[in-house]
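The values are calculated or read from the model by the stated rules, or taken from the named source; none is laboratory data. Fair warning: this is a prediction, and the values are worked out from it, not measured in the lab. So basically every Cβ, Gly included, is an ideal-geometry build from the backbone, and we count neighbours across all protein chains shown. All accessible areas refer to the heavy atoms of the entire protein, side chains included, with ligands and DNA or RNA removed. Shrake-Rupley method; radii C 1.70, N 1.55, O 1.52, S 1.80 Å.
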Amino acid sequence: MTTVALLPGDGIGPEVTHAAASILQRIRPDLECVEALVGGAGLAHAGAALPPQTRALCDRSDAILFGSVGLPEYDGKPLAERPEYALFLLRGGYELYANLRPVRVFPGLEHASSLKPELVRGLDLVVVRELTGGIYFGKPKEQRVVDGVEEAVDTMIYRAPEVERIARVAFDLARERRGHLTSVDKQNILETSRLWRRVVDRVAADYPDVTLEHLLVDNAAMQLVRRPGDFDVIVTENMFGDILSDEAAILTGSIGTLPSASLGTRGEPGRRFGLYEPVGGSAPDIAGKGIANPTAAILSVAMLLRHSLDDAENAARVERAVEAVYASGVRTAELAGGGPSLSTQAFTDAVKEQL
Ligand code: NAD
């Protein structure tokens, strides 16, 4: 049986995850969805951000639908005692190396963007970020005193196979979409970027149907706000991806609409084990009020169907339903600008009606 681990977590996590799971169960009643504690909920009720039972559930699952973790009362504690440690353990434990962040502006939401509506109309791109390598993990990584002077070092390192596997994820995705891939690096300065570009070019030979362009990261940051509609799939290393994916995210105007996937080494394309979650956090300012936008969690379900359950048909069904709801003028509070708005539950019901 196909099993999906539901890890709602903290803050608005349970509200949006339960909403999204109800849609998953409506369209795929054959799935086994099993809920477990994570984050602050795990620390409070099972003594760990990622309790052993939760880890065991993830081990036997085909995918994880994750809410969010983080609570103000843990601010200032060391990482290993914080709710966010769960994500760190899951990403490392399952080697979730490919972070996919689709950015779409739904018709009717162009005015929510900080850019001019005509620049973001129809915007539909995906940032593919390498998530387990590069400068965030390279050794040596330390602060030290040398000859009485304080210094610090971080190390940016990539091995060719790490570049090749993320490039293949991006090329596969571009092939399913509009066939255009932008690889972002800093090859005029960085050795790791020269390796990156060489390997991406090598992989490109296997994808003659995909058009590949290379951009330097500083130029990419500029082009993302100048001509965002020209991008289809963007692939880049960990730190550049961290920055560019946040820049791309704000193009939509609400973090509550943005899903993400982190794909691991287990499985093959279409049936990869992965963790799916909203880009936003636990939003303590609105938690418990029933007003959180469930779109990001619902679109995370669509990604889960597409990438872990090889079910592109139902994934597209979910995406079309969300699009239809926005086209009908319905809004959640953060997008309503003080006008009429639907609760998390009512928005979810509207999506179900469109399915
Ligand atoms: P946040 O994303 O939780 O909130 C930022 C703003 O966006 C808030 O005003 C919030 O109300 C709004 N927002 C977020 N999601 C929304 C939704 N679905 N609908 C409507 N509005 C939404 O970021 P933050 O305030 O910086 O962090 C809060 C906590 O979340 C912290 O503890 C942080 O560590 C954690 N966090 C967790 C994750 C994760 O679980 N992956 C990601 C980011 C932050």
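Taking the Cβ of D230 as the centre, find all other residues whose Cβ is under 14 Å away and add up their charges (Lys, Arg: +1; Asp, Glu: -1). My count for the surroundings of D230 gives +1.
Within the accessible area of the chain, the carbon and sulfur atoms contribute 52%, probe 1.4 Å, all protein chains present. The magnitude of the dipole of the chain, with charges of +1 and -1 set on the Cβ of Lys/Arg and Asp/Glu and taken from the Cα centre, is near 460 debye. Simple rule: put +1 on each Lys or Arg Cβ and -1 on each Asp or Glu Cβ in the stretch 153-266, find the dipole, and look at A167, A248, I189; the Cα lying farthest toward the positive end is A167.
Anisotropy class assigned to the stretch 39-190 is oblate, per the alpha carbon gyration tensor with a/c at or over the 1.5 cut-off and a/b no larger than b/c. Applying both filters, DSSP loop and at most 13 other Cβ atoms within 10 Å, to the trypsin sites (Lys or Arg not before Pro) of the stretch 150-213 gives R159.
Rounded, prolate or oblate, given the Cα gyration tensor of the stretch 166-319, with a/c below 1.5 counting as rounded? Here the stretch 166-319 falls in the oblate category.
The residues of the chain expose, per residue, 43 Å² of accessible area to a 1.4 Å probe.
Quick one: how many lysine pairs does the chain have with C-alpha atoms less than 22 Å apart and a gap of 8 or more or different chains? Give me the count, please. Count of close lysine pairs: 4. Comparing mean-square fluctuations of S61, S300, S328 from a GNM of the chain with C-alpha springs under 10 Å, the top value falls on S328.
Local charge for P284 was computed over the other residues whose Cβ lies under 12 Å away, with Lys and Arg +1 and Asp and Glu -1, and equals -3.
Think of the chain as a dipole: +1 on every Lys or Arg Cβ, -1 on every Asp or Glu Cβ, centred on the Cα centre; then among P72, T17, V126, V126 lies furthest on the positive end.
Counting only Cβ charges, +1 for Lys and Arg and -1 for Asp and Glu, the dipole size of the stretch 159-268 around its Cα centre is about 100 debye. Restricting the stretch 1-81 to trypsin sites (Lys or Arg not before Pro) that sit in a DSSP loop and have at most 15 other Cβ atoms within 10 Å of their own Cβ leaves R60. Applying 0.36 nm per residue to the separation of D218 and A316 and subtracting their alpha-carbon distance, the gain on full extension is 31.9 nm.
Each Lys and Arg contributes +1 and each Asp and Glu -1, all at the Cβ; summed about the Cα centre of the stretch 21-83, the dipole is approximately 40 debye.
Between the alpha-carbon centres of the stretch 26-55 and the stretch 311-332 there is a gap of 27 Å. Sequence-distant contacts, meaning Cα pairs under 8 Å at least 6 residues apart, place the relative contact order of the chain at 21 percent. Around I189, what is the net charge, scoring Lys/Arg as +1 and Asp/Glu as -1 over all other residues with Cβ under 15 Å from its Cβ? Surrounding charge for I189 is -1. According to the calculation over all Cα-Cα pairs in the chain, the P(r) per 20 Å bin from zero is 30, 59, 11, 0 %.
A Gaussian network model of the chain, with springs between Cα atoms under 10 Å, assigns the largest mean-square fluctuation among I243, I23, I166 to I243.
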